[in-house]
Amino acid sequence: MYNPKNIKKIIRRGLERKLSAQDAVILKSAQLIYEENELLELEMDVLEEMVAERTMGVSEHRNIDTGAIVRAERKQYIRQLLIGGMRVCAGIVVVGLIGAGVVAVNQWWNERTVPSAYEKLVLAGDRVPASEFACTVYWGNSATVVGKESTGRLGRFGDKELWRRDNGELELVQLPSQFAFSAGHKPDIRVVTDAQQQCAVWLPDGSLIWLDAGSSFSYPMKKQGAQNMEISLAGRALIRVREHADPHPRTAVLRTPNGSLTTQAGEFAVLANRTDTRVTLLDGRVDGHFPIDDGYRILTNRGDQVTYDRCCTDADGNINMKLSDVTRTDPWQAVAWTTRERNYRNVSLREFVLEMNRTYNLGVKSVNCIPEQMTITASIHFKDPVDKIYGYIRKAGLAMYESNGMVSFCGPELDPGRLRYPDGVSDSLDLMDVLHGRDLLAAVPR
Amino acid sequence: MDPYDTYTDKQLFESLAKTRKQREMDRLLKEIIRRYEKPLATKLRLTIPYDEDLIGLIVNDVFIDVWRKRRKLASVESPRAWLLKVLSFKMSDAIQKVKGREEYVDFTTNDYLEIPENHPDFDEERYEGMVQKIQRAVANMPVQRRVAFTMRVFDGLSIAGIARLRNLNEQTVKNHVGLVKQQLREMFRKGRKEGYK
């Protein structure tokens, strides 16, 4: 039953598709006592026998050419080599892309997840929500109004695009170099906030500028090869400049109406008015340069503050300039304007009016008429109407006079065109005598 | 007359593996092709009688494989069995490529030569009976052989696995299994002569 001759017969029947059920059983059991190679050898014997018998009509001679085999093998080898090479290249590219993606995502994530000094200082729930941000962006002759409801891509300014992120913050995105200007005038991008507006703008290098109401900053179109970023600021802002991983550190220069501030990595609040500049450091380091002798200050610690004041002109016509030393203050006060609710307890009324003037654009002519010793206690929500501010000022005991949309605290203005004789006084007298009481003096017996 | 005519298959494979002379390699390959082209083509014609082009391609592929792996051919124990195995792989590859075509479907389902138990009328009871007969025959053999054979054939362990488990040399295990199979074949042949079936 298991002798090779019998097995061969079964194999032959199998090859001819005539295997019976009994053959299948024998063949299956033969696999237990024959090695696989032995059975294959038997099969080859059968095939050779069949060839010899020419039972399959294989009289034709195919004569495979060895040269063709060698050439075909060479071709296959080269093809496999090329495919393998391409796969390796594709793999390297994919790994590279994944790596770059991971690095980019990691960097992006770090930028957003590592809380800054400001974020540690003011809780997210206490801040003015970014969804309320609004401002106007000027570039050349164009003006892009960013409202609370603006979303997505808002405009293109040369090789930069303005986007509004889902969280409400604005972002200036640098486009590829083919969008860059080749020559000609390159106007700055200017972001301006009106009364009761705030706006946070992420610059292409990852820096953040958060503008308070009634403020503006100019961002220059980048000059080719420029290492430093120069921004001009007027008003109040919170600035965050991230350190770059470049081998040559870049410096951000912030120009104000009175001096300039430089930093490579730092977070600070700036109040930059026409006559004074105040800087409060939250993190990092800021160098201040002011137009005064010995006008260089370095802020390195949290809460460090320096104030430059160009206040008055003396009798000789000289402008008095004052630069404070670096003092330590509560940094929270410097960023209180970024919060939803601002509480003022016994603060100088002058300061309060100035701040409200910036926020609500009250049109205050001057605060010099407000007595220095006057204070105010108030609680202002960022959505409060201007009437509430007027109410607080009046409640503090200060008289306000409105005229032509401007607010004065110095009493009513004299308008010669509108002077009239007081009731009961005859118009036969000289009007100026009446107003100055000279007619009354004349009536007094000497 | 070509001197390679007198070479055994094993000698042909070993020579092809060793030689570095192109002319010699060509002649050795030519001899292998001469010997096996027809048997391999015959097997293919029995399987796929309707596609002469495909048969030609598959046979070509087998010899391309021989040429590509020529440096390793010295380790092939049974060249004829190896060629049939390569043919089987190449056939599977070719059928995979054209598996959408209906005429190739029965190739995989009707190949009872490789998998006899797939036969529609396969008699399990009869097969079990034959297995028991083999087991009874093995039971009278020396313990070492019997254990090695049982582990290899009935438990499906590898030679290396058995060697590790039994703490034996691999060659020893191979010898044990081979001897049992040889003895079984002898026994069944004698048994038939003696009316033992």
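The values are calculated or read from the model by the stated rules, or taken from the named source; none is laboratory data. None of the values given here were measured: they were computed from a predicted structure. Positions of Cβ are generated from backbone atoms using ideal geometry, with glycine treated the same way; all protein chains shown enter the neighbour counts.
Checking B:Asp123 against (1) modelled with pLDDT under 85; (2) of a type in the set (Asp, Glu); (3) exposed (fewer than 14 other Cβ atoms within 10 Å of the Cβ), only one condition comes out false. Which one?
Only one criterion is unmet by B:Asp123, namely (3).
Listed here are the residues, each with its yes/no results for (1) outside the structural domain of A:Ser366 (by TED's automatic domain parsing); (2) under 31 Å from the mean Cα position of the chain (by Cα); (3) small (Gly, Ala, Ser).
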position: A:Leu254; (1), (2), (3): yes, yes, no
position: A:Glu267; (1), (2), (3): yes, yes, no
position: A:Leu282; (1), (2), (3): yes, yes, no
position: A:Asp287; (1), (2), (3): yes, yes, no
position: A:Gly295; (1), (2), (3): yes, no, yes
position: A:Asn318; (1), (2), (3): yes, no, no
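Within segment B:65-78, how many residues are farther than 22 Å from A:Ala68 by Cα and more than 7 Å from every other protein chain (Cβ to nearest Cβ)?
3
If we only count strands (runs of 3 or more DSSP E) wholly inside segment A:255-357, which ones have 2 or more residues that are without any contact (Cβ under 8 Å) to a residue 12 or more places away in the chain?
By residue number, A:304-313, A:319-323.
Within segment B:124-144, is there a residue that is over 22 Å from A:Gln22 (Cβ atoms), among the basic types (Lys, Arg) and over 25 Å from the mean Cα position of the chain (by Cα)?
No, because not a single residue in segment B:124-144 is over 22 Å from A:Gln22 (Cβ atoms), among the basic types (Lys, Arg) and over 25 Å from the mean Cα position of the chain (by Cα).
Got at least one residue in segment A:117-125 being surrounded by 15 or more Cβ atoms within 10 Å (Cβ to Cβ), assigned by TED's automatic domain parsing to the domain that holds A:Asp188 and assigned to a loop (DSSP other than H, G, I, E, B)?
Yes.
Report yes if A:Asp65 is more than 7 Å from every other protein chain (Cβ to nearest Cβ), surrounded by fewer than 18 Cβ atoms within 10 Å (Cβ to Cβ) and at pLDDT below 85, otherwise no.
Considered against the rule, which asks whether it is more than 7 Å from every other protein chain (Cβ to nearest Cβ), surrounded by fewer than 18 Cβ atoms within 10 Å (Cβ to Cβ) and at pLDDT below 85, A:Asp65 comes out as yes.
Regarding B:Glu128, is this residue at the interface with chain A (Cβ under 9 Å from one of its Cβ atoms), modelled with pLDDT of 80 or more, farther than 26 Å from B:Leu84 by Cα and exposed (fewer than 13 other Cβ atoms within 10 Å of the Cβ)?
For B:Glu128, the condition - at the interface with chain A (Cβ under 9 Å from one of its Cβ atoms), modelled with pLDDT of 80 or more, farther than 26 Å from B:Leu84 by Cα and exposed (fewer than 13 other Cβ atoms within 10 Å of the Cβ) - is not met.
Given the residues A:Ser131, A:Ser59, which is the only one that is out of contact with any Leu (no Cβ under 9 Å at 6 or more places or on another chain), at pLDDT 80 or above and either hydroxyl-bearing (Ser, Thr, Tyr) or in the same structural domain as A:Trp202 (by TED's automatic domain parsing) (or both)?
Values: A:Ser59 fails: at pLDDT 80 or above.
Result: A:Ser131 is the single residue among A:Ser131, A:Ser59 that is out of contact with any Leu (no Cβ under 9 Å at 6 or more places or on another chain), at pLDDT 80 or above and either hydroxyl-bearing (Ser, Thr, Tyr) or in the same structural domain as A:Trp202 (by TED's automatic domain parsing) (or both).
So which residues in segment A:175-215 are charged (D, E, K, R) and modelled with pLDDT under 80?
Result: A:Lys186, single match.
What is the number of the single condition among (1) under 21 Å from A:Arg74 (Cβ atoms); (2) buried (at least 18 other Cβ atoms within 10 Å of the Cβ); (3) over 16 Å from the mean Cα position of the chain (by Cα) that B:Lys69 does not meet?
Here B:Lys69 meets the rest and fails (2).
State which residue is nearest to A:Ala68 (Cα to Cα) when the search covers only segment B:27-64 and only residues that are among the polar types (S, T, N, Q) and either touching a Pro at 6+ places or on another chain (Cβ under 8 Å) or within 8 Å of another protein chain (Cβ to nearest Cβ) (or both).
B:Asn60
Suppose we keep only residues that are of a type in the set (Lys, Arg) and touching a residue at least 24 places away in the same chain (Cβ under 8 Å) within segment A:1-58. Which one would you say is nearest to the other protein chains (Cβ to nearest Cβ)? Before the answer, list the steps.
First pass over segment A:1-58, keeping only residues of a type in the set (Lys, Arg): A:5, A:8-9, A:12-13, A:17-18, A:28, A:54.
Restricting the remaining residues to those that are touching a residue at least 24 places away in the same chain (Cβ under 8 Å) gives A:8, A:12.
Values: A:Lys8: 12, A:Arg12: 10 Å.
So, considering only residues that are of a type in the set (Lys, Arg) and touching a residue at least 24 places away in the same chain (Cβ under 8 Å), the one nearest to the other protein chains (Cβ to nearest Cβ) is A:Arg12.
Would you say A:Ala234 is in contact with a Ser or Thr (Cβ under 9 Å, 6 or more places away or on another chain), part of a loop (DSSP other than H, G, I, E, B) and either surrounded by fewer than 20 Cβ atoms within 10 Å (Cβ to Cβ) or in contact (Cβ under 8 Å) with a residue 12 or more places away in the chain (or both)?
No: the conditions fail for A:Ala234.
I'm trying to understand the selection: among the residues of segment B:33-50, which are surrounded by 15 or more Cβ atoms within 10 Å (Cβ to Cβ) and either touching a residue at least 40 places away in the same chain (Cβ under 8 Å) or in contact with a Ser or Thr (Cβ under 9 Å, 6 or more places away or on another chain) (or both)?
B:Ile33, B:Tyr36, B:Leu40, B:Thr42, B:Lys43, B:Leu44, B:Thr47, B:Ile48
Per-residue answers, yes or no, for (1) at pLDDT below 90; (2) closer than 30 Å to B:Lys43 by Cβ; (3) not assigned by TED's automatic domain parsing to the domain that holds B:Glu52:
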| position | (1), (2), (3) |
| --- | --- |
| B:Arg101 | yes, yes, no |
| B:Arg152 | yes, yes, yes |
| B:Asn175 | no, no, yes |
| B:Arg185 | yes, yes, yes |
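Kindly check whether there is at least one residue in segment B:8-21 that is more than 12 Å from chain A (Cβ to nearest Cβ), among the polar types (S, T, N, Q) and either assigned to a loop (DSSP other than H, G, I, E, B) or within 30 Å of A:Arg17 (Cβ to Cβ) (or both).
Yes: one or more hits.
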